[in-house]
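Reading through the structure tokens given below for one structure.
The values are calculated or read from the model by the stated rules, or taken from the named source; none is laboratory data. What you see is a predicted model, and the numbers here were worked out from it, not measured in a lab. Here the Cβ is made from the backbone with ideal geometry for all residues, glycine too, and neighbour counts use every protein chain on show.
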Amino acid sequence: MIVVIGSINMDLIGNMERLPAPGETVSGSEFTTAPGGKGANQALAARRAGAAVRMVGATGTDTFAEDALALLKDAGTDLEGVRVCEGATGIALILVDPDGENVIAVIPGANFKVTPEDAGEAVAAMATGDTLLLQLEIPESSNRAALEAAREKGVTSILNIAPLTKAVDRLSPLADIVIANETEFSRLSGRRVETLDEVRTELEALHAKTGQCVIVTLGGDGVLYARDGTIDHVPALSIKPVDTVGAGDTFCGYLAQGLDSGLEFSEAVRRAAVAGALACLNPGAQPSIPLSEEVATRL
């Protein structure tokens, strides 16, 4: 069983001829909406990968709430842990250019009403050996409560340190596995990294210091990870991205499912990397998450 405690959003997506600079107005070509939120995205990815998944979070009382949960519900995700709170559902405003690059602004809404009590109760209901998956779009206190409870319970905890906040320094040491992209990893290591070799050097140093399992996703450069004293690299699948919005969340959900199902760590990472790449071939976060059958054809 995988329990995801995290955000549930409605994504408002604009396709642009190019991303605007500060203070600039740029015309767009298309507008769409899709369910999102890093927590919900990762829960759906784990579900589509084949896991039993329980989502814990909150939506508002507005018209976005039902649509934000639609794909999770259709996939058979356990939504008993999702509370309805007075006010707005979380939203993300996303601009995407023709190369698939994006800028995102998130307004948390009900996501910031997920409490430490919600988190503690969710972990208390888990069994030893279950997997907990977290991100940083709910209050720090709630993530801390979940991580501390997971450690006491013997539950494997995975923390995706996105979006990057000051809570990273305080929460990362509490997780069994930390997942970061290149920018987020620079915060962990304390040094800016730009090349694959620079990431490898800093990852070796960080792992030697802490012994913690850290995974760094690098887009076209694949994935580097440190575990049990070794550093390994998984090359990227060669694709032409349409939209990179859901790639990181897809990776996290597929990784959690792979580990929860007992796959060897290296195989779980490789499968997650393929799934993340395939998510770049279609627009939107949740609609782009591939099914396990699609991923299997590219392994």
Just a yes or no: is a residue in the stretch 79-98 more than 25 Å from Ile161 (Cβ to Cβ), outside any loop (DSSP other than H, G, I, E, B), at pLDDT 95 or above and β-branched (Val, Ile, Thr)?
yes
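Only residues that are surrounded by 14 or more Cβ atoms within 10 Å (Cβ to Cβ) and at negative phi: list them for the stretch 213-229, please.
Step one: filter the stretch 213-229 for residues surrounded by 14 or more Cβ atoms within 10 Å (Cβ to Cβ), giving 213-219, 221-227.
Cys213, Val214, Ile215, Val216, Thr217, Leu218, Asp221, Val223, Leu224, Tyr225, Ala226, Arg227 - these are the residues of the stretch 213-229 that are surrounded by 14 or more Cβ atoms within 10 Å (Cβ to Cβ) and at negative phi.
Can you tell me which residue among Ala65, Ala40, Ala58 is assigned to a helix (DSSP H, G or I) and under 23 Å from Ala145 (Cβ atoms)?
Working: Ala65 fails: under 23 Å from Ala145 (Cβ atoms); Ala58 fails: assigned to a helix (DSSP H, G or I).
Step by step, each of Ala65, Ala40, Ala58 is checked, and only Ala40 is assigned to a helix (DSSP H, G or I) and under 23 Å from Ala145 (Cβ atoms).
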Taking the stretch 21-35 and the residues there that are touching a Gly at 6+ places or on another chain (Cβ under 8 Å) and of a type outside the set (Asp, Glu), the one that is surrounded by the fewest Cβ atoms within 10 Å (Cβ to Cβ) would be Phe31
Checked pairs for the stretch 107-136, first without any contact (Cβ under 8 Å) to a residue 40 or more places away in the chain, second assigned to a strand (DSSP E or B) and surrounded by fewer than 24 Cβ atoms within 10 Å (Cβ to Cβ), C-beta under 7 Å and 6 or more apart or across chains, list as Ile107/Ile91
Checked Gly246, Gly229, Gly219 against criteria (touching a residue at least 60 places away in the same chain (Cβ under 8 Å) and either in contact with a His (Cβ under 7 Å, 6 or more places away or on another chain) or not basic (Lys, Arg) (or both)); the one match is Gly246
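Just need a number here: residues in the stretch 221-250 that are of a type in the set (Asp, Glu), touching a Leu at 6+ places or on another chain (Cβ under 7 Å) and outside any helix (DSSP H, G or I). Write out each step before concluding.
Restricting attention to the stretch 221-250, the residues satisfying the condition of being of a type in the set (Asp, Glu) are 221, 228, 232, 243, 249.
Cutting the leftovers down to touching a Leu at 6+ places or on another chain (Cβ under 7 Å) gives us 221.
Imposing the further condition that a residue be outside any helix (DSSP H, G or I) reduces the set to none.
Residues flagged as of a type in the set (Asp, Glu), touching a Leu at 6+ places or on another chain (Cβ under 7 Å) and outside any helix (DSSP H, G or I) within the stretch 221-250 amount to 0.
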Per the filter on the stretch 230-253, residues surrounded by fewer than 22 Cβ atoms within 10 Å (Cβ to Cβ) and touching a Gly at 6+ places or on another chain (Cβ under 8 Å) are His233, Val234, Pro235, Ala236, Pro241, Val242, Thr244
Pairs returned, first residue in the stretch 8-37 that is closer than 30 Å to Pro139 by Cβ and free of Cβ contacts under 8 Å to residues at least 40 places away in the same chain, second residue that is not in a strand (DSSP E or B) and not small (Gly, Ala, Ser), beta-carbon separation under 8 angstrom, 6 or more apart or interchain, are Thr33/Asp67
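Evaluate the following for Ala110: is it out of contact with any His (no Cβ under 8 Å at 6 or more places or on another chain), at negative phi, at pLDDT 95 or above and surrounded by 15 or more Cβ atoms within 10 Å (Cβ to Cβ)?
Values: out of contact with any His (no Cβ under 8 Å at 6 or more places or on another chain): yes; at negative phi: yes; at pLDDT 95 or above: yes; surrounded by 15 or more Cβ atoms within 10 Å (Cβ to Cβ): yes.
Answer is yes for this residue.
Can you tell me which residue is nearest to Ile158 (Cα to Cα) among those in the stretch 180-212 that are of a type in the set (A, V, I, L, M) and surrounded by 19 or more Cβ atoms within 10 Å (Cβ to Cβ)?
That would be Ala180.
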**Prompt:** Does any residue of the stretch 58-67 turn out to be within 14 Å of Gln286 (Cβ to Cβ), of a type in the set (Asp, Glu), surrounded by fewer than 23 Cβ atoms within 10 Å (Cβ to Cβ) and at pLDDT 95 or above?
**Reply:** yes
Expected output for the stretch 75-92 (first residue of a type in the set (D, E, K, R), partner surrounded by fewer than 19 Cβ atoms within 10 Å (Cβ to Cβ) and modelled with pLDDT of 95 or more, Cβ below 7 Å, 6+ apart or cross-chain) is Glu86/Thr61
Checked pairs for the stretch 273-299, first at pLDDT below 95 and among the aliphatic types (A, V, I, L, M), second in a loop (DSSP other than H, G, I, E, B) and crowded, with 22+ Cβ neighbours inside 10 Å, C-beta under 8 Å and 6 or more apart or across chains, list as Leu281/Ser288; Ala285/Val245; Ala285/Gly246
Next on the checklist: Please determine whether any residue of the stretch 114-132 is in a strand (DSSP E or B), at pLDDT 95 or above and within 19 Å of the chain's Cα centre (by Cα).
Outcome noted: yes
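Restricting the search to the stretch 171-216, which residues are part of a helix (DSSP H, G or I) and in contact with a Ser or Thr (Cβ under 6 Å, 6 or more places away or on another chain)?
First, the residues of the stretch 171-216 that are part of a helix (DSSP H, G or I): 171-174, 182-189, 196-210.
Once the filter is applied, which keeps residues that are part of a helix (DSSP H, G or I) and in contact with a Ser or Thr (Cβ under 6 Å, 6 or more places away or on another chain), the stretch 171-216 yields Glu202, Leu206.
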